[in-house]
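Laboratory data are not the source of any read-out in this text; all were calculated from the coordinates shown. None of the values given here were measured: they were computed from a predicted structure. For neighbour counting, all protein chains shown are included, and Cβ atoms are generated from backbone atoms with ideal geometry for every residue, glycine included.
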């Protein structure tokens, strides 16, 4: 009996391998496309996990990962005891939550507006214009913001002076700088973020809207009672995924926009890591901060998902 079972198991394994080989040969182009992101994630996402141990070592490039001295949680304590720790954490959380509270509603409003638009050509033009800023780097966006907000000859300040007001230094004033960061991020990413909501809207049963029209529901009522509840699972998923990277406040944006006059409200964890960890070659410290951010993100997304499951039937896992 045991020999028969072993023989049957081997035959089953051979059969599975043959089917897999045939399937790969039949869909070779699809698997080739899959290999590209797979290799990317292996090289840039999973391999660095092994090198993450330098967060617990006094890493010296010449000694390598294994040859460096083990120092435990020294790098973590250095970061926590830093004079700027609470200021960095405050600024990072402020910008992260600010972008979340502004960007997601703006993307939803844009998606619903495009979905409800009765002029297809106009809707496509608006959709294309909304997508374009996403493909511009923050270097280009910084140039655009300078043209718009420069205190001397910026377009916005020209309008303010035309109405008798005093020009404002938007990018060097600690009062206006946070608003510029949050609003410029929403402007740049709202079109791209709206894609997933537009896809969710396409899956709504049109008969629901027809029935609502028969009952006399207005356009706003249809949006409130049909559209938004129908895409609620997608909204929850997007918010939870954003909470997983809550300590990523946008290094590229902040690196381009901040300057010495606004350090107190612009310096975030990533910019501090860049100065302390990379410019001063403290790679272990930079890695420790990265692990700290990942741990906080994991805890945040787990806690948020647990709370959502208690009050709703929509959750990430």
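Quick look at the values:
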read-out: Length-normalised contact order for the chain - Cα pairs under 8 Å, 6+ apart - percent; value: 24
read-out: Protection-proxy order for peptides 110-122, 89-101, 282-294, each taking the mean of Cβ atoms within 10 Å per residue, highest first; value: 282-294, 89-101, 110-122
read-out: Modelled FRET efficiency - R0 41 Å, residue 255 with residue 25, Cβ distances, 0.05 increments; value: 0.30
read-out: Relative contact order of the range 207-317, pairs being alpha-carbon contacts under 8 Å that are 6 or more residues apart, as %; value: 32
read-out: Volume per residue of the C-alpha convex hull in the range 105-231, rounded to whole Å³; value: 150
read-out: Ranking of 149, 38 by count of other Cβ atoms within 10 Å, fewest first; value: 38, 149
read-out: Principal axis dimensions, largest first and in whole angstrom, of the range 21-74 by Cα; value: 53, 21, 15
read-out: For peptides 260-266, 189-195, 162-168, sequence by mean Cβ density within 10 Å, most packed first; value: 189-195, 260-266, 162-168
read-out: Inter-part distance where the range 44-109 and the range 208-244 are each reduced to a Cα centre, Å; value: 37
read-out: Label-point separation in nm, residue 117 to residue 196, each point 7 Å along Cα→Cβ; value: 2.2
read-out: Shape of the chain, Cα gyration tensor, a/c cut at 1.5; value: oblate
read-out: Calculated FRET efficiency for the pair residue 204/residue 263, C-beta based, R₀ 41 Å, to 0.05; value: 0.30
read-out: Ranked list, fewest to most other Cβ atoms within 10 Å of each Cβ, for 228, 240; value: 228, 240
read-out: Order of 245, 300 under a 10 Å beta carbon neighbour criterion, fewest first; value: 245, 300
